[in-house]
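J.: Input: one structure, supplied below.
The values are calculated or read from the model by the stated rules, or taken from the named source; none is laboratory data. Since this is a predicted model, take the numbers as computed values, not measurements. Positions of Cβ are generated from backbone atoms using ideal geometry, with glycine treated the same way; all protein chains shown enter the neighbour counts.
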């Protein structure tokens, strides 16, 4: 294997001065990677540019950028559409177990891992050389442990549940990379929604949908099928300029070179930008349990005062504003027992939008093209997004006055 491409490190230094130019707010910037759901790359790139990141370059399911430790912290606190913020350490083609061991062993782990700290390796991506991702994780772990043992005379322990240092291995048939994960639990885990049970729409995807729809809090918004409340909560966070990461911790806080004062300063700055919502927000659902769950989520996120929530059938939808957005994520038919009723649900949705939401723009996320056709309205835009492994379409419907008459003429 050719020599691995390593992130720029300073010369060997005493442990107390380890990595000052990699995990500190000194000279920089350094290469970073922010990951996201496929389809949100441009949205995430725009977010990063607004944060002041340099050399922003969208890729596939990720965005490359350059920044300092301040960038790492601000990205974790403020990005809405990202999943993780990674600090790449080494990248190279990997064709075998020995290649991977050499790649992992080439990194100065003794300058990254403090004594008695624990580690864990997470694997993403796919490679024909490593069908078993758990085996790839063990190879990386062995390389790290062997190098630390040679230099410190003792080995770090593995703690998969709550490690001090999280390593992120991304496998690919072209280039495999090994990074430090600065995030920990994905950024989609805002903390306002229980992780147990079905979670059909990740918080970061919901935020990305709203940003794709052009939502900035200045226009009214309605989600008439709110479920557990993810879209209304994310809309309220955007409307109030509330940084989504303010209430959670991050993996970088356990880095030996972590600067608590820097985190506190940036957290304070992010919190100081909050404001009252400028336009009304509405949410409804036919299921009283969904309505209760939405209210709990809003309260947990601290934005309950900005969203009016009611129990209501979709057939009663009457949007109380114009020049706003209707955004929803109806079921796709992937749960047992629901598929037979969905065509009528989508027809009802189309009828209510056509008759009772004119003057607005509707955005509907669906994983079924057949069901999307049942809406019966012409789309002005279709965006491919992935809800987990499921390929979906985010559909835009322009419901200008006269939509009903134009649709009736086309139906004749």
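J.: Would you say residue 325 is in contact with a helix residue (DSSP H, G or I) (Cβ under 6 Å, 6 or more places away or on another chain), at negative phi, in the same structural domain as residue 376 (by TED's automatic domain parsing) and surrounded by 14 or more Cβ atoms within 10 Å (Cβ to Cβ)?
T.: Here the answer is no, as residue 325 does not meet what is asked.
J.: Another one. Of the residues that make up the stretch 378-389, is at least one closer than 17 Å to residue 317 by Cα, within 29 Å of the chain's Cα centre (by Cα), at pLDDT 95 or above and surrounded by 13 or more Cβ atoms within 10 Å (Cβ to Cβ)?
T.: No, the stretch 378-389 contains no residue that is closer than 17 Å to residue 317 by Cα, within 29 Å of the chain's Cα centre (by Cα), at pLDDT 95 or above and surrounded by 13 or more Cβ atoms within 10 Å (Cβ to Cβ).
J.: Go over the candidates 380, 368 one by one and state the one that is farther than 17 Å from residue 331 by Cα and in the same structural domain as residue 211 (by TED's automatic domain parsing).
T.: 380
J.: Just one of (1) assigned to a helix (DSSP H, G or I); (2) buried (at least 19 other Cβ atoms within 10 Å of the Cβ); (3) outside the structural domain of residue 358 (by TED's automatic domain parsing) trips up residue 245, so point out which.
T.: Failing condition for residue 245: (1).
J.: What number of residues within the stretch 350-377 are over 17 Å from residue 317 (Cα atoms), within 29 Å of the chain's Cα centre (by Cα) and either in contact (Cβ under 8 Å) with a residue 60 or more places away in the chain or not in a strand (DSSP E or B) (or both)?
T.: Within the stretch 350-377, residues that are over 17 Å from residue 317 (Cα atoms), within 29 Å of the chain's Cα centre (by Cα) and either in contact (Cβ under 8 Å) with a residue 60 or more places away in the chain or not in a strand (DSSP E or B) (or both) number 8.
J.: Just the residues that are touching a residue at least 24 places away in the same chain (Cβ under 8 Å) and part of a loop (DSSP other than H, G, I, E, B), please, taken from the stretch 215-240.
T.: If the condition is that a residue be touching a residue at least 24 places away in the same chain (Cβ under 8 Å) and part of a loop (DSSP other than H, G, I, E, B), then 215, 217, 218, 219, 220, 224, 225, 226, 227, 228, 229, 240 are the ones that fit.
J.: Give 231, 201, 210 a once-over and let me know the one that is closer than 18 Å to residue 309 by Cβ and at pLDDT below 95.
T.: 201
J.: Provide a single number: the residues in the stretch 44-65 that are in contact (Cβ under 8 Å) with a residue 60 or more places away in the chain and buried (at least 22 other Cβ atoms within 10 Å of the Cβ).
T.: 2
To keep it simple, each residue is scored yes or no on (1) crowded, with 16+ Cβ neighbours inside 10 Å; (2) free of Cβ contacts under 8 Å to residues at least 40 places away in the same chain; (3) touching a strand residue (DSSP E or B) at 6+ places or on another chain (Cβ under 6 Å).
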| position | (1), (2), (3) |
| --- | --- |
| 169 | yes, no, yes |
| 173 | no, no, no |
| 176 | yes, no, no |
| 179 | yes, no, yes |
| 183 | yes, no, yes |
| 186 | no, no, yes |
| 192 | yes, no, no |
| 203 | yes, no, no |
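J.: Sticking with this one: With respect to residue 196, determine if the residue is more than 18 Å from residue 75 (Cβ to Cβ) and modelled with pLDDT under 95.
T.: Spelling it out, residue 196 is indeed more than 18 Å from residue 75 (Cβ to Cβ) and modelled with pLDDT under 95.
J.: Here's another thing I want to ask about it. Report, by residue number, each residue of the stretch 283-298 that is surrounded by 14 or more Cβ atoms within 10 Å (Cβ to Cβ) and either modelled with pLDDT under 95 or part of a helix (DSSP H, G or I) (or both).
T.: Once the filter is applied, which keeps residues that are surrounded by 14 or more Cβ atoms within 10 Å (Cβ to Cβ) and either modelled with pLDDT under 95 or part of a helix (DSSP H, G or I) (or both), the stretch 283-298 yields 290, 291, 292, 293, 294, 295, 296, 297, 298.
J.: Does the stretch 84-103 contain any residue that is farther than 29 Å from residue 387 by Cβ, in a helix (DSSP H, G or I) and touching a strand residue (DSSP E or B) at 6+ places or on another chain (Cβ under 6 Å)?
T.: Yes; the residues of the stretch 84-103 include at least one that is farther than 29 Å from residue 387 by Cβ, in a helix (DSSP H, G or I) and touching a strand residue (DSSP E or B) at 6+ places or on another chain (Cβ under 6 Å).
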